[in-house]
Structure formats: structure tokens, C-alpha cells
1. Choose one answer from S42, S74, S50: the residue with the largest mean-square fluctuation in a GNM of the chain with alpha-carbon springs under 10 Å.
2. Starting from the residue with the highest accessible area, list Y96, Y75, Y81, Y111 in decreasing order, probe 1.4 Å.
3. From the protein chains alone at 1.4 Å, what is the descending order of accessible area for T43, T91, largest first?
4. So how much slack lies between K64 and D13, counting 0.36 nm per residue of separation and subtracting their Cα-Cα distance, in nm?
5. Just to be sure I understand: of the beta bridges DSSP finds with both ends in the chain, what percent are antiparallel, rounded to 5?
6. What accessible area per residue comes out for the chain, rounded to a whole number of Å², with a 1.4 Å probe?
7. In a solvent-free Debye calculation with one equal scatterer on each Cα, what is log10 I(q)/I(0) for the chain at q = 0.12, 0.14, 0.22, 0.24 Å⁻¹, listed in the order of the q values?
8. On a full-extension model of 0.36 nm per residue, what is the gain between S42 and D23, subtracting their alpha-carbon distance, rounded to one decimal in nm?
Amino acid sequence: MSNLEVIISAAQDKKAKGIVALDMKGIDGAICDRFVICNADSTTHVDAISGEIEDKLIEINGEKPLRVEGRENSYWIVMDYGDVMVHIFLTEAREYYRLEDLWGDVPVTKYESYE
């Protein structure tokens, strides 16, 4: 499975909300191929999604994140897997930062998620 597929599956397993992937390949200077964005209603849930993604990528693809930021408060966790950056937000933080709107012209894939 690709990193993207594992990430989406793990987020779905932990009932992440609003799962989308932004295709960043057409953006000059993009630091990755895809941004995956999702959210949850509690910091505990944000942390659980992050942990599931990390565990599944290690188990299935042998991949550890290059870097993880935000676990100290679980308000917005960013996981860097080189080709994919994962952004897991607390719901109100996602609504505030509106990260998807920064790249409104890139292709977006929406995935089945818990609502």
C-alpha cells in the first residue's frame, strides 16, 4: 500500500472527520506531493489518530515519520512522511486556520469519514 492509502485507512479506522487529500504536485516549491487534512473534536482523539497513522505506517510500510510536531498539546499535529504531510486538527483549529483554502486551486480528493 502507498503511504497515502495507509494514512487514509488509519484515519478512517480512528473515525477522523473531514478527511481530504490535496494534490500538491503541480505547485512550484511544494515540500511534498500530498497534504492530508482531517480533524477531531477532542485533543485525545487528535492524538489517537496521529498514533494510529504512525503505528500503521510502521507496521505496513516500515515507515517512520521524518518529523512530528504538535503532540505537546494535540491542537494541530503535523506528521512529515516526505511524500505526504498529514495535518490533524482539533475541529475549531481547522475551522480557524482553513488550511485547504490556501490552495483552493489544487485537486482535492474527499474520503469517507466519520461525521
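1. S42
2. Y96, Y75, Y111, Y81
3. Descending order: T43, T91.
4. Numbers: separation 51, 0.36 × 51 = 18.36 nm, distance 1.90 nm.
The K64-D13 span can extend by a further 16.5 nm.
5. Values: 16 of 23 bridges.
For the chain, the DSSP antiparallel bridge percentage is about 70.
6. Details: 6260 Å² over 115 residues.
Accessible surface, normalised per residue, equals 54 Å².
7. Values returned for q = 0.12, 0.14, 0.22, 0.24 Å⁻¹ are -0.36, -0.50, -1.31, -1.54.
8. On the way: separation 19, 0.36 × 19 = 6.84 nm, distance 2.72 nm.
Stretched out fully, the S42 to D23 stretch lengthens by 4.1 nm.
The values are calculated or read from the model by the stated rules, or taken from the named source; none is laboratory data. Everything quoted here is computed from the prediction, not taken from an experiment. When the accessible area is computed, the model is the full protein with side chains, heavy atoms only, and any ligands, DNA or RNA have been set aside. Shrake-Rupley method; radii C 1.70, N 1.55, O 1.52, S 1.80 Å.
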